[in-house]
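K.L.:
Starting off with a structure, shown below.
The values are calculated or read from the model by the stated rules, or taken from the named source; none is laboratory data. All of these numbers come straight from a predicted model, not from anything done at the bench. Cβ: placed from backbone, ideal geometry, glycine included. Neighbour counts: every protein chain shown.
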Amino acid sequence: MTKLEKIDQFLGLKNLAFVGVSRNDKKFGNMVFKSMKSKGYNLYPVHQSMDSYDGIPCLKSIDQTKGKVEGVVVVTNKNFAKTALKEALDADIRNVWLQMGSDDESSREFIKEHNLNAVTGECMLMFTDKQKFPHNFHRWVKVNLTGFKSV
């Protein structure tokens, strides 16, 4: 499966756990969450120490989403990504999106070792927020200067 096919497949999932919301509303994870929510995604925020985000109760672990979600979006520091991947696997969730900057060699090895359906190294907003700057510019550069065939 090509990277574009993986992206299309993931974006077709509508019920997702979301790891990366923060009390600081200026954090990137919050921007991604709000963009996805505005596009109709049914998101379950996962945060160990927050009760709710944007009026939605936070779950303490990915395991609490079992049976409710088809995938997990991870927008965290790369030091926490592998923990999220392990939790997803333990909950039998095999579709994951590791936001660009959230993945590292260790998490990519884990994905390969456990044969997860994963998108790594891509910006979610480039695909969900296509019309807004700087995401439309980022998308243009990727498509026109790197030969990436985008959706």
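K.L.:
Which ones in segment 102-130 are assigned to a strand (DSSP E or B) and buried (at least 16 other Cβ atoms within 10 Å of the Cβ)?
P.N.:
Listed by number, the residues that qualify are ASN117, ALA118, VAL119, THR120, GLU122.
K.L.:
Picking from PHE80, PHE10, PHE33, which residue would you name as being surrounded by fewer than 21 Cβ atoms within 10 Å (Cβ to Cβ) and either polar (S, T, N, Q) or in a helix (DSSP H, G or I) (or both)?
P.N.:
So the residue among PHE80, PHE10, PHE33 that is surrounded by fewer than 21 Cβ atoms within 10 Å (Cβ to Cβ) and either polar (S, T, N, Q) or in a helix (DSSP H, G or I) (or both) is PHE80.
K.L.:
Moving on to the next point. Residue check, VAL46 against (1) among the aliphatic types (A, V, I, L, M); (2) modelled with pLDDT under 95; (3) in contact with a Cys (Cβ under 7 Å, 6 or more places away or on another chain), all met but one. Which one?
P.N.:
Result: VAL46 fails condition (2) only.
K.L.:
Condition first: of a type in the set (A, V, I, L, M) and either over 13 Å from the mean Cα position of the chain (by Cα) or at pLDDT 95 or above (or both). Now tell me which residues in segment 12-31 satisfy that.
P.N.:
Scanning segment 12-31 gives LEU13, LEU16, ALA17, VAL19, VAL21.
K.L.:
Please find, among ASP25, ASP92, ASP104, the residue that is of a type in the set (D, E, K, R) and on the phi > 0 side of the Ramachandran plot. Working first, answer last.
P.N.:
Values: ASP25 fails: on the phi > 0 side of the Ramachandran plot; ASP104 fails: on the phi > 0 side of the Ramachandran plot.
The match here is ASP92.
K.L.:
Something else about it: Mind listing whichever residues of segment 83-101 are within 17 Å of ILE62 (Cα to Cα) and surrounded by fewer than 22 Cβ atoms within 10 Å (Cβ to Cβ)?
P.N.:
THR83, LYS86, GLU87, LEU89, ASP90, ALA91, ASP92, ARG94, ASN95 - these are the residues of segment 83-101 that are within 17 Å of ILE62 (Cα to Cα) and surrounded by fewer than 22 Cβ atoms within 10 Å (Cβ to Cβ).
K.L.:
Another question, then. Looking at the structure I just gave you, is LEU89 part of a helix (DSSP H, G or I), touching a Phe, Trp or Tyr at 6+ places or on another chain (Cβ under 6 Å) and over 21 Å from LYS26 (Cα atoms)?
P.N.:
No: the conditions fail for LEU89.
K.L.:
For LEU59, only one of the following conditions fails: (1) of a type outside the set (Asp, Glu); (2) under 24 Å from HIS114 (Cα atoms); (3) surrounded by 16 or more Cβ atoms within 10 Å (Cβ to Cβ). What is its number?
P.N.:
(2)
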